[in-house]
1. Going by the conditions given, is B:V270 away from every other protein chain (no Cβ under 14 Å), free of Cβ contacts under 8 Å to residues at least 60 places away in the same chain and buried (at least 18 other Cβ atoms within 10 Å of the Cβ)?
2. If only one of B:E356, B:E373 is among the charged types (D, E, K, R) and touching a strand residue (DSSP E or B) at 6+ places or on another chain (Cβ under 6 Å), which one is it?
3. Working only within segment A:243-266, note down all residues that are within 14 Å of another protein chain (Cβ to nearest Cβ), more than 32 Å from the chain's Cα centre (by Cα) and among the β-branched types (V, I, T).
4. Would you please list the contacts, defined by Cβ atoms under 8 Å and residues six or more apart or on different chains, that run from a residue in segment A:313-338 that is surrounded by 22 or more Cβ atoms within 10 Å (Cβ to Cβ) to a residue that is part of a strand (DSSP E or B) and modelled with pLDDT under 95?
5. Looking at (1) at pLDDT 95 or above; (2) under 19 Å from A:A433 (Cα atoms), can you tell me which one A:V310 breaks?
6. Quick check: anything in segment A:349-368 surrounded by 15 or more Cβ atoms within 10 Å (Cβ to Cβ), away from chain B (no Cβ under 14 Å) and of a type in the set (S, T, Y)?
7. Select, from A:I295, A:I258, A:I305, the only residue that is modelled with pLDDT of 95 or more, closer than 30 Å to B:G443 by Cβ and in the same structural domain as A:L203 (by TED's automatic domain parsing).
8. Could you list all residues from segment B:429-443 that are of a type in the set (K, R) and more than 12 Å from B:K339 (Cα to Cα)?
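The values are calculated or read from the model by the stated rules, or taken from the named source; none is laboratory data. Predicted model, so just to flag it, every value in this text is computed and none were measured. As a convention, Cβ positions derive from the backbone with ideal geometry for all residues, glycine included, and neighbour counts pool all protein chains shown.
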There are 2 protein chains.
Amino acid sequence: MDLERTPLLTDLYELTMLQTYYEHGMTGEAVFELFFRAAPHRGFFVAAGLEQALDWLTGLRFGDEELAWMRDSGHFSAEFVERMAGFRFTGEVRALPEGTVFFAEEPVLQITAPLPEGQLVESRLMNIVHYQTLIATKAARCRLAAGDRRVVDFGMRRAHGGEAGLWAGRACHLAGFEATATCLASARYGVPATGTMAHAFILAHDDEAEAFERFARSHPHNVVLLIDTYDVEAGARKVVEVARRLRPEGIPVRGVRIDSGDLAAHARKVRRILDAGGLQETRILVSGGLDEHRIARLVADGAPIDGFGVGSQVDTSADVPFLDSAYKLHEFSGRARGKRSEGKTDLPGRKQVFREQDADGRWRGDTIGLADESLPGEALLAPVMQGGERVDPGGEGSLERARAHCADGLRRLPEAQRALKPKADYPVSLSPALRALREQVAGGAAG
Amino acid sequence: MDLERTPLLTDLYELTMLQTYYEHGMTGEAVFELFFRAAPHRGFFVAAGLEQALDWLTGLRFGDEELAWMRDSGHFSAEFVERMAGFRFTGEVRALPEGTVFFAEEPVLQITAPLPEGQLVESRLMNIVHYQTLIATKAARCRLAAGDRRVVDFGMRRAHGGEAGLWAGRACHLAGFEATATCLASARYGVPATGTMAHAFILAHDDEAEAFERFARSHPHNVVLLIDTYDVEAGARKVVEVARRLRPEGIPVRGVRIDSGDLAAHARKVRRILDAGGLQETRILVSGGLDEHRIARLVADGAPIDGFGVGSQVDTSADVPFLDSAYKLHEFSGRARGKRSEGKTDLPGRKQVFREQDADGRWRGDTIGLADESLPGEALLAPVMQGGERVDPGGEGSLERARAHCADGLRRLPEAQRALKPKADYPVSLSPALRALREQVAGGAAG
């Protein structure tokens, strides 16, 4: 079974519920919405993962292996298993375009489909959209903190499994990173690939300068040397010597990387050594435990750093390793629905998000309304799938479009939410019609 | 390219370094070790992921698509790309058996192979072993907190991508969870699958009792009902009514689930309602934001809870979302190697871990020594791959063996490290020979 495509990458209850729905002919039209509740330390979210979500929906099939497992599991009736052989997703999807900057309670994805189809896809759609949104959001914060300096993703090894490593490379690029170290993210999505060398490379040589020189001759167009295996400043001086030997061959040393110690202090000393050695063009890249706050401090400190390599902190969104995502039934058979118990309130009905902006293009506030309302501002949820087919084929160019859309959003976002420590919630209001519907549903007499 | 098998799920630098190694004939024998540095809030680690690591090593090939990307990327020489077409992993692996309880600085995996082979596999081996070890460790803490109550994994939707969701189900079971909601973890690894129903199922019905009854008749052997969609106690009373109607048909209500609010208070009230309704055998399962600390409080409180469903907190190891894992070159061409710069110290050489125990089987302490030393205690690293072939074919039964091994380890672990807030570091010492080697390498004259 293909991990990336199999419908068995789901929670058992989706399938057991489906059997009951089919037994009782509960195949009327349902509207499910995927949204995020407010998160600590996050002034905004960046929507990501829609491409993979739509690909997954398009290819959703129960193959022989899936059906065999269902048959043998003892959880399902023979009739139900038989029926699932012909299962297809035939619904409609509306979504925030990838790269959209959005806020708590706003639907990111809206599925309109026969109840069993909308139900079955819950677990995997959440799994896809939650992670990429989590990482794009974290990466956007790093992007903002780094200003015009370069930021690249080095995090695959400590990302949570292979798909996370792959998608982190994509989500970081979508949010503004220049490149990723992860080859597969480059091969699949066209994210520029980058990298330097590991300490092992230096250790495998008897002499640090020899290691530098060999690497440079082997990769003359991309010489970035790791200088902290033994002593950072001594390493920088060796870079100067090596650069001198490489100059006649036309091989420039494009950069050095420092991966440990006091990065600002090291960068200053290394900058002086490189400049004194005629390597004013050689850039300084730093890495090692970086997140948006450490990046912001290094930038504020004026450290002569040209680029940041970030890893585990970003690929796991370490300060907020998951968001309070939800995928809820908000309408079924023409009636608005919503969970009504304590602690968790829900916005029922099929919704739309309207965004208003100032004359200068800065956002003023959003209104969540019902899908059939006409409210001031731009309607953000757009149709992306109809009758189970993609409206736009996606693929080629879609990541770069999402990246540009995100960059535009980060420019229009008010300062209070752009701040690493958000100063206020972005204004999101509910339309009177939505408020009325919520009260009606909360009163138990859904409309 | 198959996400689970492709060698391009790696960092670019692994490949650029390889080209240089080959160009200079640096193909001598290298020893790399994967280990974890001390982590906050963790008194021990549980080794997991070895099965997937060995499978990946066994199938490591550069296919046409991988080679085409390498050719087009501009990062590599034609000769190197050509060479990689024939690349195989031919090395030896020694490892802690899956399920082994271990401690900081102890090698979990030791790769002995020609330098390029040992280097290339770094990123993905870390990615595989780090995540599963992270989750098995977190899950073991939940297992210890829950005592003899049932614990199950519900976390796939907020795990970081699909592979994390899949592997979390496996790692949690390895660490002692009874079951997972993730079907694919059941289909692939034989982890028992479990589940109840979503709020959407209840909301899709006009009447809560009708939803319960339909589900029960549809799944008569596994009736576990979600009772907090509207009002928990009212839900429990409906369960009693429904159970009365189902009794003549021989359908028992095996459990109820509460997913919100004050779980202990709800459980007490629900227990009284169920008991008064003759449902003494009906179990109470709770879920919603649970981790080992909340489980421990609910247990200490004496709440009448029979099982815990855990999700995001465990599948992301939310309090410690990554561990300080490392994969380091410790020997090359017969010489011990180790990084010597500030802040990060390394134990050079090819090592072994020796564990001593008391007469009653409790562990007394470990010694990290050199692989060719004979020290008191059990040697923990065992050969698992030779000449690129698995020593033991793995597969069938391997997860259950690892699970039993972990349970045994958790019993033998001293109280100070079993505690959710560890009271002391487990005693791990270095053999005199290892200490001498470290000083020699730190002095710059590697032996």
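1. no
2. B:E356
3. Within segment A:243-266, A:I251 is the sole residue that qualifies.
4. Between residues of segment A:313-338 that are surrounded by 22 or more Cβ atoms within 10 Å (Cβ to Cβ) and residues that are part of a strand (DSSP E or B) and modelled with pLDDT under 95, the close pairs are A:H330/A:A336.
5. It fails just one condition, (2).
6. Yes: segment A:349-368 contains one or more residues that are surrounded by 15 or more Cβ atoms within 10 Å (Cβ to Cβ), away from chain B (no Cβ under 14 Å) and of a type in the set (S, T, Y).
7. Answer to the check: A:I258.
8. B:R435
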